[in-house]
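Beneath this line is the structure, given in structure tokens, with notes to follow.
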């Protein structure tokens with residue numbers, strides 16, 4: 001485990017050098033949180049409660065989601081794909097540490113950084129402007145942390161699969177963006193799933209994407225307790241294993257295509 | 001002359017992009033999907049309520065279409081200036097200053113990405129469907145206001161893009177800051193700006209004039225009242241605002257270039 005821990009730790013440290021970008025990003029998340037919140041409040045002005053969620057829930061949800069966006073990486077990275085395109089992937093495969101494990105560790109390093117510097121600022125501003133609902137017990141905070149950690153793994157699993165397409169089509173921007181737009185929508189980034197009509201909500205909940213944003217945000221709101229909470233975390237864990245496992249299978253196939261030049 | 005060079009560069013970039021054909025079409029599809037998702041959000045919200053700030057579903061879709069076409073045009077032709085921050089960071093911005101064509105022209109031509117065209121497709125379809133469905137007594141003024149609004153909207157978005165990108169000359173990592181006004185603006189203008197709190201509404205009227213992109217003109221077309229304290233002639237002010245935005249954007253961009261110091265050792 002030691003090398004993976006080091007990869008995560010160093011990635012975290014690397015991230016701390018981009019202060020300007022971090023500030024700009026947190027600002028953007030906050031602006032989007034404010035705009036979404038006002039739109040949702042206009043909707044809630046007509047109805048006090050929708051599917052068991054009131055206006056405070058909805059506004060809180062918005063700021064939690066804005067804070068999670070970078071943590072779970074819903075805009076997709078192209079770092080892995082870029083290294084496949086440039087051929088540097090060969091060096092990565094040579095390393096005496098698991099290829100997928102290396103990138104997962106890197107992802108967790110980034111996630112920890114983003115959780116602090118991109119996750120907290122929008123929540124603070126949101127709480128200053130609106131009435132938000134924070135977890136009232138330590139156990140809810142812990143459940144939220146665990147749920148977020150699992151969401152990172154699910155997001156990683158999906159992004160890893162998308163980036164592996166670089167082994168076949170080189171310019172990965174197309175599939176990457178297409179895959180992430182679908183994921184964003186079904187994860188509840190544009191609007192929370194509890195505003196979806198019943199049939200669409202059922203579809204979204206049956207797919208892995210709800211595990212990326214919707215479920216951690218619901219956990220934050222304390223909507224799941226006891227056995228129900230265990231069930232939610234189990235669903236996330238299953239999707240993480242399925243997607244990461246699929247990534248391993250595809251990688252095994254892809255690596256057979258790699259031809260190393262030189263000598 | 002600049003226009004001819006621009007045309008050549010854009011054509012070359014288009015041919016280059018077609019080399020990665022699968023990715024090109026997937027990206028085009030994803031751009032279409034983004035604006036499609038924005039529309040689905042409006043439709044979903046209206047499954048829960050019958051009006052948002054007293055605007056009906058077709059009225060909000062009308063806003064969506066106007067904003068989407070304006071933003072799509074700006075995204076296709078101007079948004080590339082956002083990449084200036086990458087060129088400054090990499091030290092490759094100098095080459096733009098050495099060539100006999102304005103840096104803005106070069107950036108928007110060299111980074112031209114035809115795949116972005118997907119963004120405006122969905123709003124155009126929605127506009128075609130929603131115009132006859134709107135409960136409006138069409139007058140010549142209202143009819144004329146539709147294309148004027150689209151053009152002015154695109155110009156205002158473009159000016160916002162250039163202004164926000166000018167920040168890159170002062171702050172190296174400013175692209176995301178710019179995004180909150182451009183993509184944030186696209187998101188915001190799809191809804192009646194009346195929903196915002198008073199200070200944010202003032203900000204988007206007087207500081208970053210996104211309310212003129214489609215909200216003020218559309219309010220006149222569909223007979224919705226403007227927020228209090230907003231004079232009714234604001235509905236017709238978009239061309240003046242668009243022109244003023246361009247003047248300001250141009251000045252800030254030039255100021256930025258004059259401030260520019262090359263990176264490197």
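On inspection, residue B:60 passes the criterion of being crowded, with 19+ Cβ neighbours inside 10 Å, touching a strand residue (DSSP E or B) at 6+ places or on another chain (Cβ under 8 Å) and either part of a helix (DSSP H, G or I) or modelled with pLDDT of 90 or more (or both).
Candidates in the stretch B:19-49 are the residues that are within 7 Å of chain A (Cβ to nearest Cβ) and outside any helix (DSSP H, G or I); of these, the one that is nearest to residue A:50 (Cα to Cα) is B:49. Listed here are the helices (runs of 4 or more DSSP H) enclosed by the stretch A:135-250 that have at least 2 residues being within 23 Å of residue A:59 (Cα to Cα): A:138-164, A:173-187, A:198-206, A:214-220. For the stretch A:41-54, state whether one or more residues are free of Cβ contacts under 8 Å to residues at least 24 places away in the same chain and more than 12 Å from every other protein chain (Cβ to nearest Cβ). Among the residues of the stretch A:41-54, at least one is free of Cβ contacts under 8 Å to residues at least 24 places away in the same chain and more than 12 Å from every other protein chain (Cβ to nearest Cβ), which makes the answer yes. Is it the case that the stretch A:65-81 has a residue that's in contact (Cβ under 8 Å) with a residue 12 or more places away in the chain, within 14 Å of chain B (Cβ to nearest Cβ) and touching a strand residue (DSSP E or B) at 6+ places or on another chain (Cβ under 8 Å)? Checked against the condition, which is being in contact (Cβ under 8 Å) with a residue 12 or more places away in the chain, within 14 Å of chain B (Cβ to nearest Cβ) and touching a strand residue (DSSP E or B) at 6+ places or on another chain (Cβ under 8 Å), the stretch A:65-81 yields no hits at all. For the stretch A:182-198, the criterion of being farther than 20 Å from residue A:32 by Cβ and free of Cβ contacts under 8 Å to residues at least 24 places away in the same chain is satisfied by at least one residue.
Checked against the criteria, residue A:178 counts as out of contact with any strand residue (DSSP E or B) (no Cβ under 7 Å at 6 or more places or on another chain) and without any contact (Cβ under 8 Å) to a residue 40 or more places away in the chain. The sole residue among A:126, A:101 that is in contact with a helix residue (DSSP H, G or I) (Cβ under 7 Å, 6 or more places away or on another chain), more than 14 Å from chain B (Cβ to nearest Cβ) and touching a residue at least 12 places away in the same chain (Cβ under 8 Å) is A:101. Residue A:109 passes every criterion in (1) closer than 30 Å to residue A:249 by Cβ; (2) without any contact (Cβ under 8 Å) to a residue 60 or more places away in the chain; (3) touching a helix residue (DSSP H, G or I) at 6+ places or on another chain (Cβ under 8 Å) apart from (2). Hey, which of the helices (runs of 4 or more DSSP H) in the stretch B:129-215, taking only ones fully inside, have at least 1 residues that are touching a residue at least 12 places away in the same chain (Cβ under 8 Å) and within 9 Å of chain A (Cβ to nearest Cβ)? Where helices (runs of 4 or more DSSP H) fall fully within the stretch B:129-215 and carry at least 1 residues being touching a residue at least 12 places away in the same chain (Cβ under 8 Å) and within 9 Å of chain A (Cβ to nearest Cβ), they are B:175-188.
The values are calculated or read from the model by the stated rules, or taken from the named source; none is laboratory data. These numbers come from a predicted model, not from an experiment. With ideal geometry, Cβ positions are generated from the backbone for all residues, glycine too; neighbour counts draw on all protein chains shown.
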